[in-house]
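Down below is the structure, laid out as structure tokens.
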Amino acid sequence: MTGQRFVYMDHAATTQPHPDVIAAMLPYLRDHYGNPSSIYGIARDAREAVEVARQKTAATLGAGPEEIYFTAGGTESDNWAIKGTAFAQRKKGNHIITSAIEHHAVLHTCGWLEKQGFTVTYLPVDGTGLVNPSDVERAITEKTILITIMHANNEIGTIEPIAEIGKIAQEHSVTFHTDAVQVVGAIPVNVKELGVDLLSLSAHKFYGPKGAGALYIRGGRRPDSLLHGGGQERKKRAGTENVAGIVGLGKAIELAGTDIPGRTAVIRAYRDQLTAWILAEIPHTRLNGHAVQRLPGNINISFAFIEGESMLLLLDSFGIAASTGSACTSGSLEPSHVLMAIGLPHEIAHGSLRLTLGEENTPEDIAHVQSVLPGVVSRLREMSPLYQKMKEQRVS
Amino acid sequence: MYSKKVMEHFMNPRNVGAIENPDGVGEVGNPVCGDIMKIYIRVEDNRITDAKFMTFGCGAAIASSSMATELIKGKTLEEAWDVTNTAVAEALEGLPPVKIHCSLLAEEGIHMAINDYRQKKGLEPWVEKKGTHHTHEEGKEAGDS
Ligand SMILES: Cc1ncc(COP(=O)(O)O)c(C=O)c1O
Ligand code: FES
């Protein structure tokens, strides 16, 4: 497959670190390797760089720097926000509200808390993946201590009405966390406007390094710590700082927060063009997720009668990197819980393809997908007993 | 994650399609992940002279169908009955543990096609030997993103 075009359309999984991000990180791997807690020169440099990154992160979110805590990524931030709140407030109550389509970093954390005696309400979503804010309000009881609803879904791209839910949470004085891992850089995020108490983000989703994330904790909120040890991060998150990672996060979030409408306009246009083209050119397809309330780079389409993993393998042979919600790729051999929650039949979830576009995609990339995808789909349909059955039924 | 052999059979599957008026057909569904495999056989003098398949499933399921139909062609019905999922997986130079059940689908498809043939001939269907094959072992769950 050498010399072949490589088209990366899996930006929801991870992104390629921006060259400026890598350039910003290198000095902190090479020269300023000091431990930020130490007092000599190279350590002070590191300390300062961490604080600059904190300021950049705060500025992008409309928060104060003292409200930003660095973590090892989205998973840790979600775990900390949820477990930390649950244990800090367990005298007040034991009830948590979340949605059926959260990332496993949230769902499995809630599942674990259920084993510790907490109760969790998993709110359903509609056919487009939207949580209904009045469902949230109805689910609140005197025992409710936490609402955790993702800002946008990683599979189908649906953007949730976070500001509305934030209002409800404030009216009822319930702590509100949102997993904004997919959102930073895609749409403007302002913690005050959203009315959130806690917000998770992860650098590798916006052209930063892997293993670097942050949790925004609104001033005055005191979730218990997840990691105990040294006094780093104002005694809230122990462990020597991942200085280079944090610097990379800072640079990446600075870039991600700049001119979001301008930067995403092109991606959005490619998304709409490719989506419309696929739905028009390839029969028996449907768009999963919301038509409008949708992340700018997200396309999720089901191709009836075929299975997603075989689609990915063929696309890969043509240099296209994508993703699917098929049971065959999940490891657990269950179809995506998100596609199930929006009411897709098992076999339609099976044939789902997620293409997530990003900043480096070009019109040539779109054209390459257009030239390859119809052939891939028909090749698999030609060997599908379901497709065969459908054609027979048509004839008779 | 797949062996070269699996990828080779997946990219260039042998025996894709249906046989017109087949002597035996087996259609099996996968209770684990919901996939479907259909095996067609042509039988002459107790020997499988042609085999074809149609599969709705993953790369391993398609490669298993391709390999399984290759393995049974030219074999007597008795010999073909004894082609196990392990034999299919071995011929494919191994399958990841979570994908073993996909090769099982091929074994079951062959058995069903053979019994379909036997029943059409008014013969007793052969019974499955229980507990000889592996179902899928618990694989580690991949991360979602
Ligand atoms: C919505 C969402 N939450 C959490 C995570 C986990 O983030 P990380 O990979 O940084 O742990 C991801 C991505 O994998 C995600 O898409
Ligand atoms: S057919 Fe679903 S995992 Fe192989």
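Can you work out which of the residues in the stretch B:28-49 that are surrounded by fewer than 17 Cβ atoms within 10 Å (Cβ to Cβ) and at pLDDT 95 or above is farthest from the other protein chains (Cβ to nearest Cβ)?
B:45
Got a number for residues in the stretch B:1-21 being buried (at least 20 other Cβ atoms within 10 Å of the Cβ) and over 16 Å from the mean Cα position of the chain (by Cα)?
Residues in the stretch B:1-21 being buried (at least 20 other Cβ atoms within 10 Å of the Cβ) and over 16 Å from the mean Cα position of the chain (by Cα): 1 in total.
Could you tell me which of the residues A:193, A:254, A:241 is modelled with pLDDT of 95 or more, closer than 16 Å to residue A:64 by Cα and out of contact with any Gly (no Cβ under 9 Å at 6 or more places or on another chain)?
Numbers: A:193 fails: out of contact with any Gly (no Cβ under 9 Å at 6 or more places or on another chain); A:241 fails: closer than 16 Å to residue A:64 by Cα.
Selected residue: A:254, the only one of A:193, A:254, A:241 that is modelled with pLDDT of 95 or more, closer than 16 Å to residue A:64 by Cα and out of contact with any Gly (no Cβ under 9 Å at 6 or more places or on another chain).
Residue by residue, here is whether (1) within 16 Å of ligand 1 (Cβ to nearest atom); (2) within 21 Å of residue A:8 (Cβ to Cβ); (3) more than 10 Å from chain B (Cβ to nearest Cβ); (4) touching a Cys at 6+ places or on another chain (Cβ under 8 Å) holds:
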{"site": "A:272", "(1), (2), (3), (4)": "no, yes, yes, no"}
{"site": "A:303", "(1), (2), (3), (4)": "no, yes, yes, no"}
{"site": "A:349", "(1), (2), (3), (4)": "no, no, no, no"}
{"site": "A:358", "(1), (2), (3), (4)": "yes, yes, yes, no"}
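Confirm whether residue B:28 is more than 27 Å from residue A:347 (Cα to Cα) and of a type outside the set (S, T, N, Q).
No, not satisfied.
Just to check your reading of the model, which residue among A:165, A:147 is buried (at least 23 other Cβ atoms within 10 Å of the Cβ), under 23 Å from residue A:213 (Cα atoms) and away from ligand 1 (no atom under 15 Å from the Cβ)?
On the way: A:165 fails: under 23 Å from residue A:213 (Cα atoms).
Answer to the selection: A:147.
Residues A:190, A:242, A:154: which one is surrounded by fewer than 24 Cβ atoms within 10 Å (Cβ to Cβ) and within 18 Å of the chain's Cα centre (by Cα)?
A:190
Mind checking which residues of the stretch B:34-55 are under 13 Å from residue B:103 (Cα atoms) and more than 11 Å from the chain's Cα centre (by Cα)?
Within the stretch B:34-55, just B:35 meets the criteria.
So, in the stretch B:50-65, exactly how many residues are more than 7 Å from chain A (Cβ to nearest Cβ) and either buried (at least 24 other Cβ atoms within 10 Å of the Cβ) or touching a residue at least 40 places away in the same chain (Cβ under 8 Å) (or both)?
Final tally of qualifying residues: 7.
Is it the case that the stretch A:373-388 has a residue that's buried (at least 20 other Cβ atoms within 10 Å of the Cβ) and away from chain B (no Cβ under 14 Å)?
The answer is yes; a qualifying residue exists.
Condition check ((1) under 22 Å from the mean Cα position of the chain (by Cα); (2) away from ligand 2 (no atom under 15 Å from the Cβ); (3) of a type outside the set (Ser, Thr, Tyr)) across all residues:
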| position | (1), (2), (3) |
| --- | --- |
| A:272 | yes, yes, yes |
| A:277 | no, yes, yes |
| A:317 | no, yes, no |
| A:352 | yes, no, no |
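For residues that are within 11 Å of ligand 1 (Cβ to nearest atom) and assigned to a loop (DSSP other than H, G, I, E, B), scanning just the stretch A:185-228, find the one that is nearest to residue A:60 (Cα to Cα).
Checking each candidate, the answer is A:208.
Can you find a residue in the stretch A:31-42 that is β-branched (Val, Ile, Thr), more than 30 Å from residue A:157 (Cα to Cα), surrounded by 13 or more Cβ atoms within 10 Å (Cβ to Cβ) and at pLDDT below 95?
Start the filter on the stretch A:31-42 by keeping residues that are β-branched (Val, Ile, Thr), which leaves A:39, A:42.
Within this subset, residues satisfying the condition of being more than 30 Å from residue A:157 (Cα to Cα) are A:39, A:42.
Adding the requirement that they be surrounded by 13 or more Cβ atoms within 10 Å (Cβ to Cβ) leaves A:42.
Cutting the leftovers down to at pLDDT below 95 gives us A:42.
Yes: one or more hits.
Residues to consider are A:248, A:239; find the one that is farther than 16 Å from residue A:358 by Cα, assigned by TED's automatic domain parsing to the domain that holds residue A:158, assigned to a helix (DSSP H, G or I) and small (Gly, Ala, Ser).
After ruling out the rest, the residue left standing is A:248.
What do you reckon, is residue A:89 more than 16 Å from ligand 2 (Cβ to nearest atom), at pLDDT 95 or above, within 24 Å of the chain's Cα centre (by Cα) and away from every other protein chain (no Cβ under 14 Å)?
In short, no.
Go through the stretch B:13-25 and give me each residue that's in contact (Cβ under 8 Å) with a residue 40 or more places away in the chain, within 11 Å of chain A (Cβ to nearest Cβ) and not aliphatic (A, V, I, L, M).
Once the filter is applied, which keeps residues that are in contact (Cβ under 8 Å) with a residue 40 or more places away in the chain, within 11 Å of chain A (Cβ to nearest Cβ) and not aliphatic (A, V, I, L, M), the stretch B:13-25 yields B:13, B:15.
Wholly within the stretch A:1-119, which helices (runs of 4 or more DSSP H) include no fewer than the required count, namely at least 2 residues that are within 30 Å of residue A:313 (Cβ to Cβ) and aliphatic (A, V, I, L, M)? Write out each step before concluding.
On the way: elements: A:19-30, A:41-61, A:74-88, A:104-115.
Answer list for the stretch A:1-119: A:104-115.
Select, from A:322, A:327, the only residue that is within 13 Å of another protein chain (Cβ to nearest Cβ), touching a Pro at 6+ places or on another chain (Cβ under 6 Å) and under 24 Å from residue A:158 (Cβ atoms). Don't jump to the end; show me each part of the working.
On the way: A:322 fails: touching a Pro at 6+ places or on another chain (Cβ under 6 Å).
Answer to the check: A:327.
Conditions tested, residue by residue: (1) of a type outside the set (Lys, Arg); (2) in contact (Cβ under 8 Å) with a residue 12 or more places away in the chain; (3) under 22 Å from residue A:325 (Cα atoms); (4) within 16 Å of ligand 2 (Cβ to nearest atom).
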position: A:71; (1), (2), (3), (4): yes, yes, no, no
position: A:98; (1), (2), (3), (4): yes, yes, yes, no
position: A:104; (1), (2), (3), (4): yes, no, yes, no
position: A:148; (1), (2), (3), (4): yes, yes, no, no
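Could you go through the stretch B:65-88 and let me know if any residue there is modelled with pLDDT of 95 or more and under 30 Å from residue A:340 (Cα atoms).
Yes, that holds for at least one residue.
Of all residues in the stretch A:254-292, which are surrounded by 15 or more Cβ atoms within 10 Å (Cβ to Cβ) and farther than 14 Å from residue A:355 by Cβ?
A:254, A:255, A:256, A:257, A:260, A:263, A:264, A:266, A:284, A:290
The values are calculated or read from the model by the stated rules, or taken from the named source; none is laboratory data. Since this is a predicted model, take the numbers as computed values, not measurements. Here the Cβ is made from the backbone with ideal geometry for all residues, glycine too, and neighbour counts use every protein chain on show.
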